[in-house]
Structures are given as C-alpha cells and as structure tokens.
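Worksheet: one structure, shown below.
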Amino acid sequence: MLFVDVAHTPLSPDASPVRIAFREFHSRADGTPIVFLHGGWGYDAYPFDLQIEAFGADHRIVIPDRTGYGGSPALDSLPSDFHARAAEETRLVIDALDLRRPVLWGHSDGAIIALRLGLADPGRFAGIVAEATHFFRRKPRSQGFFEAVVTSAESTAIMKLHARAWLEIGARTASPTDDFYDGRLSELDVPALILHGARDPRTEPGEIDALSVAALAGPPARLEILEKGGHSPHSEQTTTEPVNRIVGAFLATLEGSPHIRS
C-alpha cells in the first residue's frame with residue numbers, strides 16, 4: 001500500500017493534510033494511466049485483480065481508497081452529497097500523483113464519480129469506463145436492502161454509513177426521475193464506455209433505458225449490456241472475460257486520439 005498527501009478533502013473538511021492510500025501496478029511507468037474507482041463497499045468487495053492482470057502490462061494502474069475506506073482515514077459519517085465530494089477528492093489525488101490524461105474506470109458509486117469528473121473537466125481525461133453506474137437518485141427497489149445493511153450485525157462500519165447515505169439521498173430527492181448528473185449526462189464530451197449487467201439488483205425499472213437515452217445522446221459514448229452480468233461484471237465469473245475484451249477494444253480506440261495524447 002502506498003500513500004499520497006492532499007491538502008484537504010471535502011469528505012473530511014476539518015482535516016489537513018489528508019493521507020490517501022492507493023495501490024499501484026505497472027510494467028511500463030509511461031503507460032497510459034487507468035484509475036480504478038471502487039464502489040460503496042470498498043475495493044476489497046469487488047477487486048479488480050483480473051483487470052490488473054489483463055491491462056497492467058501496458059498501463060499504469062492506480063487504485064485509490066477514498067476517505068473512509070481501506071487504508072485511508074476513517075469517517076464518522078458519509079453525507080448525502082458524497083459523490084460530489086468524492087469527485088473533488090479524486091481530482092486532488094490525480095493531481096497529486098501527476099497522472100496525465102488518465103482513463104477512469106469507475107464501478108457503482110465510483111462510476112458516478114467518474115462521469116461527474118468527466119462532465120466537470122472533459123479535457124482532463126482520456127476516457128471513462130462507467131460500470132454498474134447509477135442514473136436515478138431515488139432507489140425504491142433497493143430501500144429494503146439499504147435498511148437491512150444498516151441493521152445487520154455483519155455489516156462493516158463503512159457499509160452502514162454508505163447505506164444511510166443512500167437512504168438520505170432517496171429521502172431528499174424530489175422526483176423519481178432526478179439523476180446524479182443534473183440532467184447533463186448527454187453533454188459528456190469524453191469517450192465513454194458504459195457497462196451494465198442486465199441482472200444488476202441495484203437497477204430500478206426503466207433505469208437502463210433512461211441511462212441509455214441520456215448517455216447515447218452524446219457522440220463519444222457507447223453502452224454495452226451484459227446479459228449475464230449482475231452488479232459487478234468485472235469480477236463475476238460469467239462476465240469477466242467479455243468485460244476485459246470489451247474494455248480492451250475501447251482502450252485501443254483511444255490510442256492516438258486527441259483525448260489520450262499528452
């Protein structure tokens with residue numbers, strides 16, 4: 001485990017500096033960076049081991065633990081706007097590590113963070129892989145799931161904080177069609193590959209269709225639905241190989257593009 005200091009983070013605004021833990025893998029230090037952004041249960045819940053094996057020879061792979069997770073400082077609470085705060089922290093970490101035009105591969109909450117970063121600063125990133133992303137802010141089908149996580153003796157502290165934050169997001173959302181991108185996902189101007197499992201239990205009825213309409217309105221995006229995929233296609237036995245193949249082809253399209261050149 002490695003560490004990098006950032007002057008501040010919106011996830012822990014009273015601390016300065018903040019030491020963020022990260023993993024790093026590469027055979028070529030000059031390979032195009034891929035930054036993996038973990039989901040709400042942390043890196044170890046859905047590890048990217050097989051992606052490190054598949055892409056580590058040609059890419060510098062960096063996997064930060066967000067504040068509250070893994071080797072980074074713990075949190076006592078997780079606010080309902082944690083995606084926006086985590087996006088700013090991620091930007092600070094990328095800057096501190098001097099990662100130039102990285103590809104972001106976000107999973108679940110990490111995918112929301114990646115897409116928000118791409119909307120905020122499209123020239124900063126070579127491409128985005130958004131896997132199992134969420135579109136709707138309100139998740140009525142998952143409310144019972146989050147409530148069970150909060151009360152379960154088997155849930156870790158961060159799992160409970162995460163579930164409470166999602167319940168608060170739902171309670172604060174005015175309309176069932178409000179999305180995490182403020183209606184702007186169609187404005188995304190970064191090459192994007194959106195991966196989604198057809199069997200993802202955290203997906204609301206109609207959510208994939210709404211995600212597809214918004215994402216594909218922008219020319220740089222493509223959507224791939226994995227019929228056998230659940231919430232983590234990259235780490236599920238039936239979908240790991242097709243995920244790596246699809247992402248490998250996407251990365252090849254970025255080589256030489258104006259987005260990936262320094």
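Taken together, the values in this text are just the output of simple stated rules run on the coordinates, not laboratory data. Just so it is clear, the model here is predicted, and its values are computed rather than measured. Note: ideal-geometry Cβ built from the backbone for every residue, glycine included; neighbour counts use all protein chains shown.
Summary of computed values
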item: Inverse mean reciprocal Cα-Cα distance (Kirkwood Rh) of segment 115-190, Å; result: 14.2
item: Compactness index (Cα Rg / 2.2 N^0.38 Å), segment 92-224; result: 1.10
item: Cβ charges +1 (Lys, Arg) and -1 (Asp, Glu), total dipole of the chain, debye; result: 140
item: Relative compactness, segment 165-262, computed as alpha-carbon Rg over 2.2 N^0.38 Å; result: 1.22
item: Label point distance in nm, Q143-L223, each placed 7 Å from Cα along Cα→Cβ; result: 2.6
item: For G197, residues with placed amide H under 5 Å, excluding near neighbours; result: A132, L226
item: Chain lengthening between D14 and D81 when straightened (0.36 nm per residue, less Cα-Cα); result: 22.5 nm
item: Where the Cα pairs of the chain fall when distances are cut into 10 Å bins, in %; result: 7, 32, 39, 20, 2, 0
item: Where only alpha carbons of segment 1-156 are counted, the Rg and the Dmax (Å); result: 15.5, 46
item: Alpha carbon convex hull of segment 25-80, volume per residue in cubic angstrom; result: 87
item: Gained length - L216 relative to R172, 0.36 nm times residue gap less alpha-carbon distance; result: 13.1 nm
item: Farthest positive-ward along the chain dipole, Cα basis, beta-carbon charges - from H26, I225, S235; result: I225
